[in-house]
1. Which value at 222 nm does the chain reach when only helices count, each DSSP H run of 4 or more adding -39,500 (n - 2.57), with the total divided by all residues and rounded to the nearest 500 deg cm²/dmol?
2. What is the list of residues in the stretch 155-183 whose amide nitrogen lies under 18 Å from a point 7 angstrom out from the Cα of L51, following Cα to Cβ?
3. What percentages make up the Cα-Cα pair-distance distribution of the chain when the bins are 10 Å wide from 0?
4. Whole-Å semi-axes of the stretch 46-130's equivalent ellipsoid, largest first, each the root of 5 times a Cα gyration tensor eigenvalue?
5. Given a Förster radius of 51 Å and the C-beta distance between A119 and L139 as r, what FRET efficiency does 1/(1 + (r/R0)^6) yield to the nearest 0.05?
6. Can you tell me which of V16, V232, V77 moves the most in a GNM of the chain? Springs connect C-alpha atoms under 10 Å apart.
7. With label points built 7 Å along Cα→Cβ from the Cα atoms of S65 and D92, find their separation and express it in nm.
8. What is the gain in length, in nm to one decimal, between L2 and D218 on full extension, counting 0.36 nm per residue of separation less the C-alpha to C-alpha distance?
Amino acid sequence: GLAETEVVTEIDSTNVRALERLQQGVPGGLYVAEFQHGGRGRRGRQWLSPLASSLCFSLAWRFNSGAAALEGLSLAVGVALQRALRRLEVPDVCLKWPNDLLVDQAKLSGILIELSGDAAGECQVAIGVGLNVRLPDALLEELDQPATDLSRLGFTGSRTELLAALVAELVTVLESFERGGFAPLRPDWEAVNAFAGREVRLTSGSHSYEGVCVGVTDQGGLRLQTAAGEEVFHGGEMSVRIH
Ligand code: BTN
């Protein structure tokens, strides 16, 4: 559960803060910042968010399992965010494997999960969420991929309302994930799979694979129908694009 909540104006990265507090022994927490000067994205990238342009927060969470059981965690987090946004009447949010939220193929939100301890069957995780709220036009043009934000999707609620809805759904989903893993959440994920039935190219290091996306496994692996038959791909440092 969430033993503490910290809201600050500025920080390097809420994920760094969450990992630090886990190491200091807190059972779990919520860390929110108006501005991050060292925001981290996946695959070593930066997460740029000028003041108040995105909602940036991290949950610190302990799991009673080894890291291997966490493969589907980022997909589970996507399901939680998608559900909360649907409840807030943000339409047509899809999930891109393993962990982006898209609207019309433009990125609305990214998730960064970082592990700290993985010992004695327990592991500590920082679950970071960056959700675009109101991006300056200039930043939208600068980004290397299409992006969108909540203001462009007609959301007029407050950041507080947004955060409360997202965190409540996240806690529900994380508790479900602890009991039953990703499998019970899989139908919800597949119902909003951005790549369902589409030809995609997946790149991992110098390898690249092409196939039609047929869904995900109970563990959260990506299923592609390739020329060689069905293949399952596991998270990590991969990028997937529509081919
Ligand atoms: C991505 O799409 O590459 C993931 C972006 C994750 C950004 C969030 S913002 C809150 C948390 N703190 C960070 O430094 N990163 C995550």
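Where a number appears in this text, it was derived from the coordinates with a stated rule and is not lab data. Just so we're clear, the structure is a prediction, and the values are computed from it rather than from any experiment. Note that we place each Cβ from the backbone using ideal geometry, even for glycine, and neighbour counts take in every protein chain shown.
1. That calculation yields -7500 deg cm²/dmol at 222 nm.
2. Zone members listed by number: 159-160.
3. 7, 33, 38, 19, 3, 0
4. Over the Cα atoms of the stretch 46-130, the ellipsoid semi-axes are 25, 15, 11 Å.
5. The formula returns an efficiency of 0.80 here.
6. With Cα springs under 10 Å in the chain, the top fluctuation among V16, V232, V77 is at V232.
7. Computed distance between label sites S65 and D92 equals 3.5 nm.
8. Between L2 and D218, full extension yields an extra 75.1 nm.
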